[in-house]
Amino acid sequence: MPLPLLLALTPLPSDAFVPFVPPMAVGASGSEDLNVGAVETFDSQGRAAVLARDLPRAWSGTYRPYGSPEAMPVELRLESLNAMGQMVDLRGQLTIGGVTTPIQGNLNAKSDQLDLLLLGDRLPAGMEPGGTVMGLEGFTLSAWQAPRLVTLGGRLQLVPQLSLAPPSNRPDSTPSIRGLW
């Protein structure tokens, strides 16, 4: 290897290196004392309690498997909603295409993220044990994610049924912890 190329590949020692020092934060008043942390005004635990109380108990809509033009009718019945911190614990039944299966899941009151597990042995056509229903806008728009790559999953779109209002007086009780498997 020629000598000039070898020197280009090897860094030479230098005193020109200056370590990075982050700049001092300065507040709006011009002072450097910023001991005040970020203030969050959103009460996610309060919203979880309101959701557990006021969320509609009946939802209906369609499930459309990816790659299929046919939509199946869907009904979701929420039997139990309990606020646990910023999460709402959900339990109920999901009927897709006439096949009913129990569900258990969580709704995050801060981000509106929904996670539902299908617990039954009998699942609707095209769905497999181990898949989850995930929604980023609560119940309105969600998707079933298959547990394997060979199953495509599908889109679940729900709207609340106004005929079934949430119960007004129900005792606050700690939900029992139920194993999923």
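The values are calculated or read from the model by the stated rules, or taken from the named source; none is laboratory data. Keep in mind that this is a model prediction, so the values were computed, not measured. With ideal geometry, Cβ positions are generated from the backbone for all residues, glycine too; neighbour counts draw on all protein chains shown. Side chains included, ligands, DNA and RNA excluded: accessible areas come from the protein's heavy atoms. Shrake-Rupley method; radii C 1.70, N 1.55, O 1.52, S 1.80 Å.
Beta carbons closer than 8 Å, at least 6 apart along the sequence or on distinct chains, pair a first residue in the range 131-149 that is at negative phi and part of a strand (DSSP E or B) with a second that is open to solvent by 60 Å² or more (accessible area, probe 1.4 Å) and modelled with pLDDT under 85 for GLY135/LEU141. Look at GLY27 and say whether it is surrounded by fewer than 15 Cβ atoms within 10 Å (Cβ to Cβ), within 30 Å of the chain's Cα centre (by Cα), modelled with pLDDT under 75 and outside any helix (DSSP H, G or I). Judged against the criteria, GLY27 is not a match. ARG64 fails exactly one of the following numbered conditions: (1) modelled with pLDDT under 95; (2) over 23 Å from THR151 (Cα atoms). What is the number of that condition? With respect to (1) modelled with pLDDT under 95; (2) over 23 Å from THR151 (Cα atoms), ARG64 is out only on (2).
If you go through the range 112-146 and pick out every residue that is exposed (fewer than 15 other Cβ atoms within 10 Å of the Cβ), within 16 Å of PRO56 (Cα to Cα) and among the aliphatic types (A, V, I, L, M), you end up with 1. Here ALA109 passes the criteria (1) buried (at least 19 other Cβ atoms within 10 Å of the Cβ); (2) under 23 Å from GLN45 (Cβ atoms); (3) over 13 Å from the mean Cα position of the chain (by Cα) except the one numbered (3).
Listed by first and then second residue, the pairs with beta-carbon distance under 6 Å, at least 6 apart or on different chains, first residue in the range 36-48 and open to solvent by less than 100 Å² (accessible area, probe 1.4 Å) and outside any helix (DSSP H, G or I), second polar (S, T, N, Q) and modelled with pLDDT of 85 or more, form an empty list.
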